[in-house]
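Accompanying notes for the structure given below.
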Amino acid sequence: AQSVTQLDSQVPVFEEAPVELRCNYSSSVSVYLFWYVQYPNQGLQLLLKYLSGSTLVESINGFEAEFNKSQTSFHLRKPSVHISDTAEYFCAVRPYSGGSNYKLTFGKGTLLTVNP
Amino acid sequence: DGGITQSPKYLFRKEGQNVTLSCEQNLNHDAMYWYRQDPGQGLRLIYYSQIVNDFQKGDIAEGYSVSREKKESFPLTVTSAQKNPTAFYLCASSRGFNYGYTFGSGTRLTVV
């Protein structure tokens, strides 16, 4: 079984400041890793994912995340946030089992609030 | 455009009534999922289906039922046996291993 821990339930920051949202996972097998973003009263949207290859992955809106296998972490970062980045962010993992199990395990989410 | 449609967006029901939430996708995805979201608890898996006419219980299936008669549709019924049904319900689908989920916009169910 897998588990995901998002270490901060809420992160308040000022506009144009850097931010890091922390995610650690536990798994006995290799995993794929995902970050999703949820705006109020909406579904989740895929922000970025790590499947293989380079451990640093980037999104189109300036977020990046780095897979650290030794620390079992996949922290999300942005060097300068905007008001529009205010949302809840979810980290998720899926086992790379080679079978047909597509299930994701989600963390409990981190609410990022960007203040002017 | 392809996507997942959940309807209705808001739903009110009286206690003791069954209610069915709709989820339709035109992405040709094999797998579909239902999650429940409560404040501070993240997403909890209710049921999932990897192929038509087959589905499995998730972590909190008690008080819920589903069907998967068509690839495009995965309706969720919240029965009167569900002790605390008021929540935000999210439907998702997946194409395969190397892909994440595509989510619908959710249904907020309030039972009074």
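For the reader, a short list of remarks on this structure follows.
- Using a simple spin-label model with pseudo-atoms 7 Å out from Cα toward Cβ, B:L27 and A:A1 lie 2.7 nm apart.
- Mean per-residue shielding of peptide B:39-46 is 5, counting Cβ atoms of other chains within 10 Å of each Cβ.
- Over chain A, accessible surface divided per residue gives 49 Å², non-protein components excluded, 1.4 Å probe.
- Carbon plus sulfur fraction of accessible area for the protein assembly as shown, probe 1.4 Å, in percent: 47 percent
- Greater than 29 Å apart at Cα, pairs in A:K49/B:K83; A:K78/B:K71; A:K69/B:K57; A:K69/B:K9; A:K108/B:K9; A:K78/B:K83: A:K49/B:K83; A:K78/B:K71; A:K69/B:K57; A:K69/B:K9; A:K78/B:K83
- The label point for B:T5 and the one for A:S54, both projected 7 Å from the Cα toward the Cβ, are 3.9 nm apart.
- Estimated vicinal HN-Hα couplings, Hz - the range A:29-38 in sequence order (Karplus 6.51, -1.76, 1.60; Gly, Pro = x): 10, 5, 9, 8, 10, 9, 10, 10, 10, 10
- Within the same chain, aspartates and glutamates fewer than 8 places from B:K70 are excluded, and of the rest, those with a Cα less than 12 Å from its Cα are B:E24, B:D30, B:D54.
- In this assembly, the B-A interface accounts for approximately 2000 Å² of buried accessible surface in total, computed with a 1.4 Å probe and without ligands, DNA or RNA.
- For the range B:21-112, applying the loop criterion from DSSP together with a ceiling of 12 other beta carbons within 10 Å to the trypsin sites (Lys or Arg not before Pro) yields B:K83.
- Coil-residue GluC sites (Glu not before Pro) of the range A:1-73, DSSP, other Cβ within 10 Å capped at 15: A:E15, A:E16
The values are calculated or read from the model by the stated rules, or taken from the named source; none is laboratory data. Since the structure is predicted, the reported quantities are computational estimates derived from the model, not experimental observations. Positions of Cβ are generated from backbone atoms using ideal geometry, with glycine treated the same way; all protein chains shown enter the neighbour counts. Please note that ligands, DNA and RNA were not included when accessible areas were found on the heavy atoms of the full protein model with its side chains. Shrake-Rupley method; radii C 1.70, N 1.55, O 1.52, S 1.80 Å.
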